[in-house]
Structure formats: structure tokens, C-alpha cells
Amino acid sequence: MACFIVAYDLNKQGQNYSCLTGKLGAMPSCHAQGSVWLVEYAGTETQLRDILMSCLDGNDRLLISEASKSWAGQNMPTCGKWLNDRDY
């Protein structure tokens, strides 16, 4: 499986995040920052995007990119451990 960085902006004021966070939380994942998640997924970026699309409106933004095994962070003990446990 690969590790993907998922970042989003839901641009409609009062947007309900529960659909998106529910789908992300159901996968092996770590909520890294406000609208940034790390997700372990066996498919491609496009397949992961397609899974999340039903939660988005036409003006929302979504970025998915495969993470490399080279990373650095600050004050991220939970997701740092999550990444290290998965050998990233």
C-alpha cells in the first residue's frame, strides 16, 4: 500500500465535513492537520479521489499526492508515529 497526502478546502460556508472525514477515517489514516490527512490506500490517486468525490461540491478543492518515504515534521507525534510504524 502507498501513503497519500489528502488536502481539501470545502468552500461553502457551513459545509458539513462529516461525509469526507467519515470516509477518510474509515481507511487506515491519520488526521495530520486541519484539512490534511495521511491515508494508506492500495489504489491510485485517481481511485482515491473518485471515492471522495461524492462528498464534494463543485467549488470544493481536493489534492491527493503520494507521499515519499522522505519527510520531516514538527510537533506531529501522532502522525509521525503513524508514518514511522508504516515504515515511511
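The values are calculated or read from the model by the stated rules, or taken from the named source; none is laboratory data. None of these values were measured; they are calculated from a predicted model. Here the Cβ is made from the backbone with ideal geometry for all residues, glycine too, and neighbour counts use every protein chain on show. What goes into the accessible areas is simple: the full protein's heavy atoms, side chains included, and nothing from ligands, DNA or RNA. Shrake-Rupley method; radii C 1.70, N 1.55, O 1.52, S 1.80 Å.
Residues that are of a type outside the set (D, E, K, R) and modelled with pLDDT under 95, at least 3 per element: which strands (runs of 3 or more DSSP E) completely within the stretch 7-88 meet that?
Filter on the stretch 7-88 gives an empty set.
Which residues, taken from the stretch 23-34, are free of Cβ contacts under 8 Å to residues at least 40 places away in the same chain and open to solvent by less than 40 Å² (accessible area, probe 1.4 Å)?
Leu24, Met27, Ser29
Of all residues in the stretch 35-58, which are out of contact with any Lys or Arg (no Cβ under 7 Å at 6 or more places or on another chain) and in contact (Cβ under 8 Å) with a residue 40 or more places away in the chain?
Selection gives Leu38, Tyr41, Ala42, Glu45, Leu48, Leu56.
Could you grab me the full set of residues in the stretch 41-88 that are surrounded by 10 or more Cβ atoms within 10 Å (Cβ to Cβ), acidic (Asp, Glu) and within 20 Å of Tyr17 (Cα to Cα)?
Asp50, Asp60 - these are the residues of the stretch 41-88 that are surrounded by 10 or more Cβ atoms within 10 Å (Cβ to Cβ), acidic (Asp, Glu) and within 20 Å of Tyr17 (Cα to Cα).
Would a scan of the stretch 14-23 turn up a residue that is over 22 Å from Asn75 (Cβ atoms) and in contact with a Lys or Arg (Cβ under 7 Å, 6 or more places away or on another chain)?
no
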